[in-house]
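The values are calculated or read from the model by the stated rules, or taken from the named source; none is laboratory data. Quick caveat, the model's predicted, so the values are computed rather than measured. When we count neighbours, we look across all protein chains shown, and the Cβ atoms used for this are built from the backbone with ideal geometry, even at glycine.
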Amino acid sequence: MAKVTLPDGSILEIAEGSSARQVAERIGAGLAKVALAARIDGRLVDLATPITDNPQLQIVTPKDKEGLTIMRHSCAHVMAEAICSLWPQTRLVYGPTVEDGFYYDIDLDEPIRPDDFPRIEAKMQEIAAADRPIVRQEMTRQQALQELQGDPYKTDNIQRAAGDVISFYSHGDGFRDLCRGPHVPSTSKVGSFKIMSVAGAYWHGDSAQKMLQRVYGTAWPTKKELDEYLNRLEEAKRRDHRVLGRQLDLFSFSEMGPGFAFMHPKGMVLWNEVVEFMRQLNRKYGYQEIRTPIILNEELWHRSGHWDNYKENMYFCAIDEVGYAVKPMNCPGGCLLYRTAKHSYRELPLRMAEFGMVHRHEASGVLHGLFRVRQFTQDDAHLYCMPEQIEAEILGVIDLIFETYRAFGFEDFAVELSTKPEKHIGSDEIWDIATNALKAALQHKQIVFKINEGDGAFYGPKIDFHIKDCLRRSWQLGTIQLDFSMPQRFELTYVGADNTEKTPVMIHRAVLGSLERFMGILIEQYAGALPVWLAPEQARVLPISEKTNEYAAAVQSRLGAAGLRCGADLSDEKIGAKIAKSHAEKIPYMLVVGPKEAESSRVSVRMRGRPDTRTVSGDEFLGVVQRKIAEKTADPAF
């Protein structure tokens, strides 16, 4: 007999050699029905895997993140079988999962088009309905190479695979492919799926290789979840910041500078509101603002470690035949500024904030509106402190970050602690001290966090903050990075209480990250209908006819003098057209004025997204809007 320890700590006795599926059946018929795979002593395996020794075991279902990934991986195999059935000349390359779905790279001279997607899906439905067992087969590396000789793709995959055992998975007698697994037990367990798109992809991303076809799909446990996902995609299209940026005249791009955004006057209003809010918070939390040069001598980047660890992402130039680099990060310049004066322990912590413009090389294929650009501005800061001040400083940054996100309407956060990457500077001892300090601060705040192994910056571990928007998409924004190495490299010092020179600890901090990217996120979060305090134009006066143009101009002047960003439409258009245009431009408040309003010194207020109108005095309107701006309220309703 074997004793299996379940996640709740209970122990189940089973016959030696029983499968994980049989354990699920022992636990309950309901669990066995939804079981997709198992985790045995931390390792994901197929349900058919026999139980030996006395392991810890967890049954994996679609509710588990791993279960959803396994289901999608299996769906990729079903799609591959369907494609091979419809186009027998297809050669399969590989088919991994991606966020919200999967893809398969195939070598097929005949192009697959969107018109072919229904045929592929119908064949997939047929394969799924057949409920064929998905069976694992293992062989030695040599056997696998011999069996697949002549297939350059599979031979390459085998040579890249780790370990001496190579595994294949088959669906009955009709399909078999090289794969490490695990997979769901049968083809009926691949959920509800849809083919999403097809694109070109070079083998291993090498443009010297043959162009393959990459077919993307998505799969979800139920039809309802699939439909919800597809609806979210449609909603995302409606909220696309690139489209809204043009429609609302916020920003643009030019072929003269791919990846470099041009901010229009209305876009700069939004930009400046965000920056001014962050400046106020920085002052509240004790930061001083600095500014450092964009271009600095090449020697600086050798010293900072960027040359060895980040060179491929940087731009370079020469001035007077001397090598310079355009800064990809603000921290080395901040270190130079720190060195311009002597510092005492009494000054620390020293908090320096910078809205620093940086440039990073991005491949043209990954540029994406404001989300992925080559020039962007970071709401950066660098804190210099003594080791005993680390935890208090990190706690202060965490408070600042959460206060910021809530002000912009984000309440759903996730936190990751990223540890030492393979490519790094500094000793293991320093990394351990820094990582433990970050962990202690998170635990002090009782913040739930996930460990992200090996994803730290090259100079130190970091805490990353993710938000979820209204479409449940996750965005990594803020970061706190603890750095013992760069202060040593730049010989930064302070005079301690014992009158000896010591090296400060450097904390790198960003809250919004890239201001351009955050601006894009805000536009999509609110579908362009920005909260009143952020709206480029907060109110617009709409005279019914030219007879009230003079009163409309007076209202506009009065509100503008009080600090509102207020426009007026004095055109010859009918009032209905003026209202429709203002709605399309997502103006929070439309102030309709006619002879009655002019006589009584009042305005008829139409609120964005609402059909009703409310007539109030100009002073009452001003008071309500000023309060909403001060409170940073998202809803413009009175």
Quiz item: If you go through region 551-559 one residue at a time, do you hit one that is in a helix (DSSP H, G or I) and within 30 Å of residue 278 (Cβ to Cβ)?
Solution: yes
Quiz item: Only one residue in 373, 397, 322 is aliphatic (A, V, I, L, M) and touching a strand residue (DSSP E or B) at 6+ places or on another chain (Cβ under 6 Å), so which one is that?
Solution: 397
Quiz item: Within the bounds of region 433-449, is there any residue that is in contact (Cβ under 8 Å) with a residue 60 or more places away in the chain and touching a helix residue (DSSP H, G or I) at 6+ places or on another chain (Cβ under 8 Å)?
Solution: no
Quiz item: For region 150-160, does any single residue satisfy the condition of being free of Cβ contacts under 8 Å to residues at least 40 places away in the same chain, in contact with a strand residue (DSSP E or B) (Cβ under 6 Å, 6 or more places away or on another chain) and surrounded by fewer than 14 Cβ atoms within 10 Å (Cβ to Cβ)?
Solution: no
Quiz prompt | Number of positions in region 103-121 that are in a loop (DSSP other than H, G, I, E, B) and surrounded by fewer than 16 Cβ atoms within 10 Å (Cβ to Cβ) | solution = 4
Quiz item: If you scan region 237-262, which residues turn out to be loosely packed, with under 14 Cβ neighbours inside 10 Å and either under 20 Å from the mean Cα position of the chain (by Cα) or within 18 Å of residue 470 (Cβ to Cβ) (or both)?
Solution: 237, 238
Quiz item: Does residue 300 qualify as being in a helix (DSSP H, G or I) and either surrounded by 14 or more Cβ atoms within 10 Å (Cβ to Cβ) or in the same structural domain as residue 514 (by TED's automatic domain parsing) (or both)?
Solution: yes
Quiz item: How many residues does region 319-373 hold that are touching a Lys or Arg at 6+ places or on another chain (Cβ under 7 Å), of a type outside the set (Lys, Arg) and within 19 Å of residue 518 (Cα to Cα)?
Solution: 9
Practice problem: Please determine, by comparing only the residues of region 335-387 that are without any contact (Cβ under 8 Å) to a residue 24 or more places away in the chain and over 19 Å from the mean Cα position of the chain (by Cα), which one is nearest to residue 285 (Cα to Cα). | Solution: 346
Quiz prompt | Subset tally (residues that are acidic (Asp, Glu) and free of Cβ contacts under 8 Å to residues at least 12 places away in the same chain) for region 267-282 | solution = 1
Quiz item: Does any residue of region 131-153 turn out to be modelled with pLDDT of 90 or more, under 33 Å from the mean Cα position of the chain (by Cα) and either in the same structural domain as residue 191 (by TED's automatic domain parsing) or not acidic (Asp, Glu) (or both)?
Solution: yes
Quiz prompt | Options 39, 21, 72: the member that is in a strand (DSSP E or B), outside the structural domain of residue 474 (by TED's automatic domain parsing) and surrounded by 17 or more Cβ atoms within 10 Å (Cβ to Cβ) | solution = 39
Practice problem: Can you confirm whether region 315-332 contains a residue that is touching a Ser or Thr at 6+ places or on another chain (Cβ under 7 Å) and assigned to a loop (DSSP other than H, G, I, E, B)? | Solution: yes
